[in-house]
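The values are calculated or read from the model by the stated rules, or taken from the named source; none is laboratory data. Remember, predicted model here, so these are calculated numbers, not experimental data. Virtual Cβ from ideal backbone geometry, glycine too; neighbours counted across all protein chains shown.
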Amino acid sequence: MIHQIPWVYVPVRSVLATWLQLIKTEIPELAKCSVLMKQRSKVEETLRAMQRAGAGSLQVISDFDMTLSRFAHNGRRVPTTHNILDNRLLINEDCTRKMRELLDTYYPIEIDASRTAEEKLPLMVEWWTRVHELLIQQRIRRELLAQAVQESGAMLREGYQHFFDRLAERQVPLLIFSAGVGDVLEEVIRQNRVFHPNVHVISNYMDFDCTGVLQAFKGRLIHTFNKHEGALSLAAGLRELRGRRSVLLLGDSLGDLTMADGVEEPRQLLTVGFLNDQVEERKESYVNAFDIVLIRDETMDVPNAVLNFITSPPDAA
Ligand code: TMP
Ligand code: MG
């Protein structure tokens with residue numbers, strides 16, 4: 001018996017190697033030097049399983065700011081949904097100054113690799129609460145949001161159209177789970193003509209009074225480090241997502257990894273993390289946490305290639 005083990009082991013290993021090699025040729029985007037994977041073989045196995053399960057079992061859960069939207073363009077930061085509101089149409093100079101001070105104080109904390117999510121959590125609640133209070137004081141008018149988005153320089157990542165269109169074509173639900181401002185987010189994807197019927201948004205929505213003036217934010221506050229609560233209480237209840245246990249998750253924060261917490265087990269989960277900022281400091285934690293890490297990549301090339309692979313039948317891939 002014992003002398004048979006190497007005989008069996010070698011062919012199995014070489015078959016496995018050939019099988020894994022296939023992904024490399026079928027998804028060349030994964031071989032780019034901006035792509036990091038701690039466990040390449042696990043990624044390949046998950047991709048195979050998701051491809052076998054097909055588009056009918058798939059759902060995509062994505063963060064919005066700095067994940068679907070760009071981090072920077074031509075060396076300048078692209079505005080987040082909160083920062084799109086920084087427009088004289090909506091807020092005054094004093095509010096702009098205060099929001100920027102808050103951003104300068106709290107954003108470095110949000111991305112600080114030396115603090116735990118537990119340490120960051122109360123500070124994120126503080127940041128979001130203070131910003132929302134400032135915005136409410138400004139009596140923002142709903143009818144001006146579309147113009148503010150138009151004037152903002154908001155940009156989705158290169159290749160976004162293929163991403164949204166492919167998901168719509170294949171009737172794969174896309175859940176956008178954002179700690180940004182839902183009304184602004186919806187306007188960005190509407191103006192980019194990709195707010196297809198398969199897109200569902202969970203975010204912080206503005207509550208306007210009957211004259212169209214902002215008076216509060218609706219529901220429970222969502223910030224970067226409490227997305228697991230929304231995943232269990234809101235996403236898990238969405239009928240369109242039920243039974244879809246193949247999940248492609250996209251995010252730019254470690255907190256985004258909890259967005260799939262509401263998906264029933266057993267599930268196939270492939271996580272992709274955009275590492276935009278503080279790359280050297282955060283590389284190790286990202287590679288340990290996400291299956292695939294994209295370093296300073298402003299495109300949707302890798303998510304698109306992964307999606308094409310998963311949603312093509314195995315023999316046609
Ligand atoms: P996301 O969940 O869609 O990524 O949105 C959250 C991002 O919004 C987070 O990374 C920080 C950013 N943000 C601002 O840019 N300005 C603000 O005032 C606040 C509260 C958050
Ligand atoms: Mg984000």
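Could you tell me which residue of the stretch 218-257 is nearest to Glu119 (Cα to Cα), considering only residues that are touching a Gly at 6+ places or on another chain (Cβ under 9 Å) and among the β-branched types (Val, Ile, Thr)? Among residues in the stretch 218-257 that are touching a Gly at 6+ places or on another chain (Cβ under 9 Å) and among the β-branched types (Val, Ile, Thr), the one nearest to Glu119 (Cα to Cα) is Thr224.
Quick one: is Ala235 surrounded by 15 or more Cβ atoms within 10 Å (Cβ to Cβ) and either among the acidic types (Asp, Glu) or within 16 Å of ligand 1 (Cβ to nearest atom) (or both)? Steps first, please.
Details: surrounded by 15 or more Cβ atoms within 10 Å (Cβ to Cβ): yes; either among the acidic types (Asp, Glu) or within 16 Å of ligand 1 (Cβ to nearest atom) (or both): yes.
Yes.
Checked across the stretch 113-133, the condition of being modelled with pLDDT under 95 and within 14 Å of ligand 1 (Cβ to nearest atom) holds for at least one residue. Per the conditions (1) within 16 Å of ligand 1 (Cβ to nearest atom); (2) touching a Phe, Trp or Tyr at 6+ places or on another chain (Cβ under 7 Å); (3) under 18 Å from His82 (Cβ atoms), the sole criterion not satisfied by Asp207 is (1). Checking Asn276, Asn226, Asn288 one by one, the residue that is buried (at least 21 other Cβ atoms within 10 Å of the Cβ) and polar (S, T, N, Q) is Asn276 and no other. The sole residue among Gly180, Gly237, Gly230, Gly251 that is at pLDDT below 95 and under 30 Å from Arg282 (Cα atoms) is Gly230. Would you confirm whether any residue within the stretch 99-117 is farther than 19 Å from Leu257 by Cβ, touching a residue at least 60 places away in the same chain (Cβ under 8 Å) and within 16 Å of ligand 2 (Cβ to nearest atom)? Among the residues of the stretch 99-117, not one is farther than 19 Å from Leu257 by Cβ, touching a residue at least 60 places away in the same chain (Cβ under 8 Å) and within 16 Å of ligand 2 (Cβ to nearest atom), which makes the answer no. Test Met50 against the criterion of being closer than 21 Å to Asp301 by Cβ and away from ligand 1 (no atom under 11 Å from the Cβ), and give yes or no. Spelling it out, Met50 is indeed closer than 21 Å to Asp301 by Cβ and away from ligand 1 (no atom under 11 Å from the Cβ). Scanning the stretch 181-202 for residues that are part of a strand (DSSP E or B) and surrounded by fewer than 22 Cβ atoms within 10 Å (Cβ to Cβ), we see that the one that is nearest to ligand 2 (Cβ to nearest atom) is Val201. Of the helices (runs of 4 or more DSSP H) lying entirely inside the stretch 54-170, the ones with 2 or more residues being among the aromatic types (Phe, Trp, Tyr), touching a helix residue (DSSP H, G or I) at 6+ places or on another chain (Cβ under 8 Å) and closer than 30 Å to Arg239 by Cα are found at 160-169. Asp256 meets all of the listed conditions (1) among the acidic types (Asp, Glu); (2) assigned to a helix (DSSP H, G or I); (3) surrounded by fewer than 21 Cβ atoms within 10 Å (Cβ to Cβ) but one, namely (3).
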